[in-house]
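Worksheet for the structure shown next.
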Amino acid sequence: MIDLLTMPHVRVGLTVESARSAAPSFELTDEDDRLLACAAVRPLSAWKRLRRSLSTRARFGFVIDLRDPHDGLVLTITKARDSILRGPLRVSAALADGTPVGTARQRAPFAHLRLCDAAGAVLAEATRTLPSGFDLARPDGAVVATVDVRTVGVRQALAGGAYLRGYSLRFGAGTPVSVRALTLGAVLCRDVQLRPSGAR
């Protein structure tokens, strides 16, 4: 079985179907377009949906489950609720068995991203922050991951069954699982937040 957390290249795409719905979902594929996992925002109860619709507070948190093609849980990504003053995006990730791998913080879309392990030690930080994406480097300066944004027009997406918006993630040899998981988590949560409705 292909392991999402060991692949050198992962593509993340917002699906056309979910672009039309309030709850975004994504497909994660390899370079040969083989499905590695599906990611979706965990649905809320009717009571929580009502509370959010009536609230004037900053954006609430949400949970994204990543599941393999056989519906096995791979990762759980949790986006913490924003503070009243809209502090940095705070994301945590846990493996399928519940083991926490660390946290990610961003102060702006794809900028000032810092990944830390469960003990708080810095694993990697964004070193290139361009509209097309960013690099993540360890404290010693070695680049361990590169994220590039890729988009396709709606007409082309509908005609070809492709994605409306997506990301290309490349990981260096030996990149730890924690960096891979947190990079995926940061990209997915920021993408959900960039939607006008956020996660509902």
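The values are calculated or read from the model by the stated rules, or taken from the named source; none is laboratory data. Source: prediction; values computed, not measured. So basically every Cβ, Gly included, is an ideal-geometry build from the backbone, and we count neighbours across all protein chains shown. The protein model used for the area step is the full one, side chains on, heavy atoms only, and it has no ligands, DNA or RNA in it. Shrake-Rupley method; radii C 1.70, N 1.55, O 1.52, S 1.80 Å.
Details
- Residue within the stretch 45-68 that is basic (Lys, Arg), modelled with pLDDT of 85 or more, under 16 Å from residue 188 (Cβ atoms) and open to solvent by 30 Å² or more (accessible area, probe 1.4 Å) present: yes
- The set of residues from the stretch 173-187 being without any contact (Cβ under 8 Å) to a residue 60 or more places away in the chain and either surrounded by 18 or more Cβ atoms within 10 Å (Cβ to Cβ) or at negative phi (or both) comprises 175, 176.
- Of all the residues in the stretch 140-167, those that are open to solvent by less than 20 Å² (accessible area, probe 1.4 Å) and at pLDDT 85 or above number 4.
- Some residue of the stretch 95-111 being open to solvent by 80 Å² or more (accessible area, probe 1.4 Å), modelled with pLDDT under 95, in contact with a Pro (Cβ under 8 Å, 6 or more places away or on another chain) and not in a loop (DSSP other than H, G, I, E, B): yes
- Scanning the stretch 112-139 for residues that are within 17 Å of residue 191 (Cα to Cα) and either polar (S, T, N, Q) or surrounded by fewer than 16 Cβ atoms within 10 Å (Cβ to Cβ) (or both) yields a total of 5.
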